[in-house]
Amino acid sequence: MLVDGKNRVVDRRNGQLIFSSKSDNTQKKANDSLDLEVFRLLVDEVPVKMGTHITLSVSGKAREVSFGSVMLAGTEVLDIQSSIPARIEADGTMRAQVTPGEHTIQVFSRFIDSPSAITTKKLTKEWPDFEYISFKSATAIRQAKLSGPVSIDTTQISIPGEWEEYPTYRMGDGETLNIETEFRGDHSPGANELYVKRDLWLDFDGEGITALDRISGEMKKGWRLNAAKGTSIGRATVDEEPVLITQDESFEGIEVRSPAIELEAVTRTETTSGFSASGWDARADQYAATLHLPPGWRVLHASGVDRVWGTWLSKWDLWDVFLALIIISVTRKLIGNLAAVLAGGAFLVALHEPGTPLLIIPLLLIVIALLPVVTGKVKSMLRSMGVVLGVALALSVITFAVSTFRLAIYPSLERTEIGTYNQNRYDASFSQLASSVPAAQMADRESMARKSPVAKSMQIEEVIVTARKREQNLYQVTENDRVQTGPGLPTWTWNSVGFKSSGPVPANQTLSIYYSTPLVTSIWRVISVFLVALYAGIVIIRLARLSQFKGAESVGTPGATTAVLGMGLVFLLGATSCPTVMAEDYPPKYLMDSLEKRLTKAPDCLPKCASLNDGRIAVSGSDITIQFNAYVDADMALPLPRSHGTWALELVSEKGQLLPLRKGQENHYVRLSKGHHLISVKGKIIADQATVSLPLAIHNMKVSAPDWVVEGLVDGRVKNGTLTLRAMDKNATQKVDTLKADPAPAFVSVRRHFVFGKKWNVETTVQRISPKQGAISLPIKLIPNEKLLRDMGAVKDGEIVVQLGHRQGEVSWLSSIEPTEQLQLKASSGTTYIEEWAFTPSSLWRLNYEGIPPVKADEYANAFEPVFKPWPAEVLVVDVRKPGGVPGDTHTVESALLKVEAGSKLQRSTLTLEIRSSLGTNYMVTLPENAEVLRFSVDGRAMNTPSGSEVKIPLQPGSQSIVIEFQSLTDIGMVSHSPEVLLPDGATNVRVHYSLPRDRWPLYLNGPPIGPAMLYWGVLCVIVLGAVALPRLASTLDFKMPIAMTGWLLLGVGLSTVNGYGVLVIAIMFFILAARKQLVIPETMTRFKFNMMQCVIVVWVGLAVLCMIAAIPMGLLSNPEMKVVGNGSGSHFYNYYQDIAGASEGFPTVTVISVPILAYRAVMLLWSLWLSTQLIRWAGWAWGCFTEKASWISKTVISEERV
């Protein structure tokens, strides 16, 4: 076109004419534009990885563009992903064939070493002036500090969406991003979180404490729990499995091999006060303890934690103090100083005693205070109230005195029977910590991993390790170790003192406990009785002086009404569930599956229906030929070698004839009939590397490839079924026009997992990083003294050649190493693989690491298994030592029960032992010399009965129950004993059940601390005192009665074994009759009162006579009631318990003094004869007393008197 006489270029775009003064060539050059945006993601791992995201905006013609070296200094390519043909040359230069439009190229690379600085530069004129580098930190590996460029707001740039959350820096030409390592790995592990629950048992003799410690929580460091100073560990279990107690650097403790710890241990301390609160050399984040006290023991005060209950001092609160001070002050005001002193002493020692009558005294003091200031009916009412309260106080003091004196003499009578400790009690606050990753967190982490395609392609994924249960038990013992069974665990309960802390308890915290021994407690109780009795007596005397009655006033006591409201509420909840019934189709699935299997049954020779031999591979230029002999035992489809896209299959022939192919999901198949075949496969290699994968092994393989490097062929065998061919000259087969990307250099991760058990093993896993596919072959260096337990080929110069198939992700093998005191590991300094070291020590070994810190464990990972990720050439030194086992018992008698049935001539006994053993051994029990074993069983299995007095028990590891029945010819005699049984190592929780024949009269019992008490002798003492006091009282009252001190004594003794309360009824009868005769004047009494009095006398005398008459047949025919009580015992059954029986003490012995029941019958016969004669004499005296002056006043007599 001519414009102003000059030629003008006309360009047609989108239906429009564009005028330009430039030539055509110039215009075309102007239209070939290229705009770039470059974003990089720096991933701080080992190795440090770099993802480069290049966005291209292209216009103009299709062309090839060179971008320069997009790889940063010190990096190596891992992968390239591009929507257009692109490749990276050996020098790092990237070329791409661009077409108009928007395109994306992603380049993934790794740093050969840990970079300290990254510098960017403008590569070409098209390269942007600024790059953007985002940083993804890995705090588990190191804490990095970045400096240099200014961080920018990612919302202001078009950064890839998944990178927006990372800090991003804009870097121009020549700018440097400095990376400083502040610290690496887990340089400061978190503190252990332990929850300690303790049950402490004070020995009956107060010489030591046995404890059951339950520790749960989370271990984060140390991986050992040592006992506190002064505490010895008897036995321990983890997850109910016994573990070995070891000594490491003079500390006794237990190796811990699980982050979520669940430990149970029986410990022992010989110090009863000032001992460690937790019992362990570790801080307890939560703490609770219960101190079990034997009968007679008390705790006056305890300190060490912020909450203590059950002590004498802890029972006092401000209300008690206020009440005591008020009562003392009122007593001083109303009665005097001496009474106030007694009040203070009584309240101090007896306020918290069981059954104390002190709480009645404040009411009496109120009456005493009001009596002087009131008159009339109010005063009469107060007098009556005072009488009632005074009688109640007197009776309460008597009851309190009797029960307290009894406890002072027999502390075990505080409870009817010793309690049994329930080991399954467990405070919910000390439950096991959750050790698995919550599902929501797992889902969040997995979704984040899926969200980032770049991270996925670079295999930048977060490894989530859960605390799973191991197939391998890390709590191990060797054949020379002896697992301790420790002291037996007490099973008794009595009184207890509780301890609890609301905050952490440090390891050096002690419990200070101040005890009251059984002797001091008994003295305390006796003093409390005297103080309460004196104080109550003074109060009653003061009340009596103020309540003197004048004349014959009749004062009625006001009645008291009591309203009792009862309410019951019962909820019955029932739930029924209906089972879901589903009809099944017919025929059932299993029949259809069976029919399908029969119809599609494979040949019997599978999977060995074909044998391939004499393989030949020839490569000429880009042509590849594979030839082999096939020996087939049945008609089949033979899978052909796979190419994985590195070479194109062209034809398959047999002796020059083409064979039809069938394509499967991954393989090509050729159909062969039964017999011998010579197969030839031809193809063409596409790039400078070819992979031949063999679905079936071809034996005696030979390769002829002059211009190719062959990998994977060893002595005619193709290792892992994959053969790799690499061109010696990359340019020989490169098709420049296609820009097909070369495979990335081979790079793998080598993970060595060291397991220190009875044998030391190393599990090595080689995992592919690049290239993503294709066979690779790399030399891997073995660690010193590594012995392969799997055929991995020849070992040369301490190296083996590891091959990965086309899509094989990893390969692993197991090795063994010899135990050594120090293990030194050095990371490879090469560029073909990066190393990772993981350690799993069993409880047999303790490891100390020096050199580099471990990677910080995931929140839910097993932190006791450290993982190290070294940089090339870094060194880790592992010092290994084996803690020695602590000497201790290998068998323990947890409980022993001896049942004794005494007979007149034969004593039969049954010994039951519960024994815990950690190894198989023989346990010897020695019976009395004249004993004959009747039956002997272990866990219900009958064993051979020995002929002698020694019984050899074959113990097996674990708990077992042993029952030995034996008898001995022993006359029961007046003094009888339980048989002497010798246990070689003592026992815990020892019980003796002694059964006395019913034809014996027990007189005295003696045995272990907790057992029955014969209260009869105390009753007899009271009877003797009463026999002395009653005549004196009668003499004081000037009562004439036909019974003297001897009569009272005989009457009380005779009734004491039959009806103990009958003596009181008879004594009241005598005093009533004497008072009737000497004090009652019928003329001064109204008819109603006199007759009612006579009726009461008749009823009471009848009751007393009934007691005396009934005592005669009961005494002659029944057994005597000796008032045997305590620990579930009865008159002829005695239940004894002892917490610990030492080996030197022997099995506790029970002694019983008894006489034949005929002796009792004879005594009661004589007593009955005496009573019969006395009843005749007493009857005449009683009738005289009853009819003195009048026996009954009738109406007629009254009328006559009036007349």
* Asked: Which one of ALA288, ALA302 is surrounded by 20 or more Cβ atoms within 10 Å (Cβ to Cβ) and under 26 Å from the mean Cα position of the chain (by Cα)?
  -> ALA288
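For (1) surrounded by fewer than 16 Cβ atoms within 10 Å (Cβ to Cβ); (2) outside any loop (DSSP other than H, G, I, E, B), each residue gets a yes or a no:
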| position | (1), (2) |
| --- | --- |
| ARG751 | no, yes |
| PHE754 | no, yes |
| ARG768 | no, yes |
| GLY774 | no, no |
| PRO784 | yes, no |
| ALA794 | yes, no |
| GLN803 | no, yes |
| SER812 | yes, yes |
* Asked: Which residues, counting only those in segment 838-855, are in a loop (DSSP other than H, G, I, E, B) and out of contact with any Lys or Arg (no Cβ under 8 Å at 6 or more places or on another chain)?
  -> GLY851, PRO854
* To do: Keeping to segment 814-837, report how many residues are touching an Asp or Glu at 6+ places or on another chain (Cβ under 7 Å), in a strand (DSSP E or B) and surrounded by fewer than 18 Cβ atoms within 10 Å (Cβ to Cβ).
  => 2
* Confirm whether GLN689 is at pLDDT below 85, among the polar types (S, T, N, Q) and on the phi < 0 side of the Ramachandran plot. => yes
* Asked: Can you name the residue in segment 892-923 that is of a type in the set (S, T, N, Q) and not in a strand (DSSP E or B) and is also nearest to the chain's Cα centre (by Cα) among such residues?
  -> SER918
* Hey, can you tell me all the residues within segment 1082-1125 that are hydroxyl-bearing (Ser, Thr, Tyr) and either surrounded by 15 or more Cβ atoms within 10 Å (Cβ to Cβ) or assigned to a helix (DSSP H, G or I) (or both)? => THR1084
* Structure fact -> Restricting segment 640-673 to residues that are under 20 Å from LYS772 (Cβ atoms) and among the small types (Gly, Ala, Ser), the one surrounded by the fewest Cβ atoms within 10 Å (Cβ to Cβ) turns out to be GLY645
* Asked: Where residues in segment 1160-1189 are small (Gly, Ala, Ser) and surrounded by 14 or more Cβ atoms within 10 Å (Cβ to Cβ), which of them is nearest to GLY1011 (Cα to Cα)?
  -> SER1168
* Asked: Which one of the conditions (1) free of Cβ contacts under 8 Å to residues at least 40 places away in the same chain; (2) assigned to a loop (DSSP other than H, G, I, E, B) does THR356 fail to meet, given that it meets all the rest?
  -> (1)
* To do: Exactly one condition in (1) in contact with a Pro (Cβ under 9 Å, 6 or more places away or on another chain); (2) farther than 25 Å from HIS891 by Cα; (3) at pLDDT 90 or above; (4) not charged (D, E, K, R) is not met by MET219; state its number.
  => (3)
* To do: Among the residues of segment 237-263, write down those that are without any contact (Cβ under 8 Å) to a residue 60 or more places away in the chain and either surrounded by fewer than 20 Cβ atoms within 10 Å (Cβ to Cβ) or out of contact with any Lys or Arg (no Cβ under 8 Å at 6 or more places or on another chain) (or both).
  => THR237, ASP239, GLU240, GLU249, SER250, PHE251
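Per-residue answers, yes or no, for (1) surrounded by 19 or more Cβ atoms within 10 Å (Cβ to Cβ); (2) modelled with pLDDT under 90; (3) within 19 Å of MET1122 (Cβ to Cβ):
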position: GLY1011; (1), (2), (3): yes, no, yes
position: MET1014; (1), (2), (3): yes, no, yes
position: GLY1018; (1), (2), (3): no, yes, yes
position: VAL1022; (1), (2), (3): no, yes, yes
position: PRO1031; (1), (2), (3): no, no, no
position: THR1036; (1), (2), (3): no, yes, no
position: PHE1039; (1), (2), (3): no, yes, no
position: TRP1048; (1), (2), (3): yes, no, no
* To do: Output the number of residues of segment 777-825 satisfying the condition of being touching a Leu at 6+ places or on another chain (Cβ under 8 Å) and among the charged types (D, E, K, R).
  => 3
* Quick one: is LEU1079 surrounded by fewer than 17 Cβ atoms within 10 Å (Cβ to Cβ) and over 60 Å from the mean Cα position of the chain (by Cα)? -> yes
* Select from segment 309-336 the residues that are in contact with a helix residue (DSSP H, G or I) (Cβ under 9 Å, 6 or more places away or on another chain) and polar (S, T, N, Q) and write down the one among them that is nearest to LEU365 (Cα to Cα). => THR331
* Asked: PRO354 fails exactly one of the following numbered conditions: (1) farther than 30 Å from PRO518 by Cβ; (2) surrounded by fewer than 14 Cβ atoms within 10 Å (Cβ to Cβ); (3) touching a helix residue (DSSP H, G or I) at 6+ places or on another chain (Cβ under 8 Å). What is the number of that condition?
  -> (1)
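Matching residues to (1) closer than 26 Å to THR399 by Cβ; (2) more than 47 Å from the chain's Cα centre (by Cα); (3) at pLDDT 70 or above:
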| site | (1), (2), (3) |
| --- | --- |
| PRO506 | no, no, yes |
| THR510 | no, no, yes |
| ALA552 | no, yes, no |
| VAL564 | yes, yes, no |
| PHE571 | no, no, no |
| THR580 | no, no, no |
* Asked: Given the conditions (1) under 60 Å from the mean Cα position of the chain (by Cα); (2) under 30 Å from LEU1166 (Cα atoms); (3) surrounded by fewer than 19 Cβ atoms within 10 Å (Cβ to Cβ), which single one is not true for GLY1128?
  -> (2)
* Could you list, in sequence order, all residues of segment 125-180 that are touching a residue at least 12 places away in the same chain (Cβ under 8 Å), under 24 Å from VAL98 (Cβ atoms) and surrounded by fewer than 14 Cβ atoms within 10 Å (Cβ to Cβ)? => ASP129, SER158
* To do: State all residues of segment 107-123 that are touching a residue at least 60 places away in the same chain (Cβ under 8 Å) and in contact with a Gly (Cβ under 7 Å, 6 or more places away or on another chain); if no residue qualifies, say none.
  => PHE108, PHE111, ILE112, ASP113, PRO115
* How about segment 1-70: which strands (runs of 3 or more DSSP E) wholly inside it have at least 1 residues that are at pLDDT 85 or above, surrounded by 12 or more Cβ atoms within 10 Å (Cβ to Cβ) and of a type in the set (Asp, Glu)? -> 34-43, 63-69
* To do: For GLN97, indicate whether it is in the same structural domain as ILE159 (by TED's automatic domain parsing), under 52 Å from the mean Cα position of the chain (by Cα), polar (S, T, N, Q) and part of a strand (DSSP E or B).
  => no
* **So LYS377, is it of a type outside the set (A, V, I, L, M) and over 51 Å from the mean Cα position of the chain (by Cα)** => yes
* Based on what the data block shows, is PHE1039 touching a helix residue (DSSP H, G or I) at 6+ places or on another chain (Cβ under 6 Å) and over 16 Å from VAL1163 (Cα atoms)? -> yes
* Asked: Are any residues in segment 1132-1147 at pLDDT below 90 and either charged (D, E, K, R) or assigned by TED's automatic domain parsing to the domain that holds GLY1062 (or both), and if so, which ones?
  -> GLU1145
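The values are calculated or read from the model by the stated rules, or taken from the named source; none is laboratory data. These numbers come from a predicted model, not from an experiment. Counting neighbours? That spans all protein chains shown, and the Cβs are built from the backbone with ideal geometry, glycine included.
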